[in-house]
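The values are calculated or read from the model by the stated rules, or taken from the named source; none is laboratory data. In this text the structure is predicted, and so the values were computed from the model without any measurement. Counting neighbours? That spans all protein chains shown, and the Cβs are built from the backbone with ideal geometry, glycine included. Quick note on the areas: whole protein, heavy atoms, side chains included, nothing else; ligands and nucleic acids left out. Shrake-Rupley method; radii C 1.70, N 1.55, O 1.52, S 1.80 Å.
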Amino acid sequence: MAEEIKQSVYQIVGNDICVEADDGRKVFTIISEFIKKKQKVVLSFFNVNMLTSAFLNTAIGLLYKDFSEQEIKENLSVQDLSSADSILLKRVVDTAKIYYKNPEKMEQSVREIL
């Protein structure tokens with residue numbers, strides 16, 4: 001069984017503030033490569049002091065566009081998240097799962113609301 005590789009969000013982004021979608025894209029790109037190779041990766045949020053849904057949507061939510069929930073579950077885990085950030089991540093993941101199951105329907109709903 002392949003061992004897990006630990007990736008530090010702090011090191012990928014280069015600072016402790018993870019708010020920009022562009023920074024999330026850096027994390028997404030790295031994590032995607034691991035999942036494509038079926039390599040287990042642990043994403044550590046150690047030393048990250050600010051986290052936004054915009055960052056998480058791009059870093060993790062976007063994975064649900066390219067990979068099945070099963071592939072993500074088998075190959076990605078996270079650690080060192082505060083309880084508030086864990087709740088934020090869960091919300092991002094739940095929304096991504098719904099969205100990427102049927103993006104057209106979701107966009108239609110948003111247009112109707114607006």
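Bridgeable lysines around Lys40 (alpha carbons under 16 Å apart, same-chain partners fewer than 8 residues away excluded): Lys6, Lys73. In the chain, the calculated helix contribution to ellipticity at 222 nm averages -16500 deg cm²/dmol per residue, counting -39,500 (n - 2.57) for every DSSP H run with n ≥ 4.
Would you mind getting the accessible area per residue of region 17-114, heavy atoms of the protein chains only, 1.4 Å probe, in Å²?
60 Å²
For the chain, what does the relative contact order come out to in percent, with C-alpha contacts under 8 Å and a separation of six or more? The value is 28 percent. For Lys90, the aspartates and glutamates whose Cα falls under 15 Å of its own Cα, not counting residues fewer than eight places away in the same chain, are Glu69, Asp80.
Angle of helix 21-36 to the longest C-alpha principal axis of the chain, folded into 0 to 90 degrees and rounded to 10: 70°.
Gaussian network model of the chain, Cα springs within a sub-10 Å range: biggest mean-square fluctuation belongs to which of Lys90, Lys65, Lys37? Highest fluctuation of the listed residues: Lys37.
Two numbers describe the Cα atoms of region 1-49: Rg and Dmax, which are 11.2, 35 Å. Relative to the dominant Cα principal axis of the chain, helix 103-113 is inclined by about 60°. Rank Thr29, Leu81, Ser8 by how far each Cα sits towards the positive end of the charge dipole of the chain (+1 on Lys, Arg Cβ; -1 on Asp, Glu Cβ) and give me just the farthest. Checking the options against the dipole of the chain, the answer is Thr29.
Taken over the chain, the percentage of Cα pairs per 5 Å bin, counting from 0 up to the bin with the maximum distance, is 2, 12, 22, 24, 20, 11, 6, 3, 1, 0.
Computed extension gain for Lys40 through Val110, at 0.36 nm per residue and net of the alpha carbon distance, reaches 21.7 nm.
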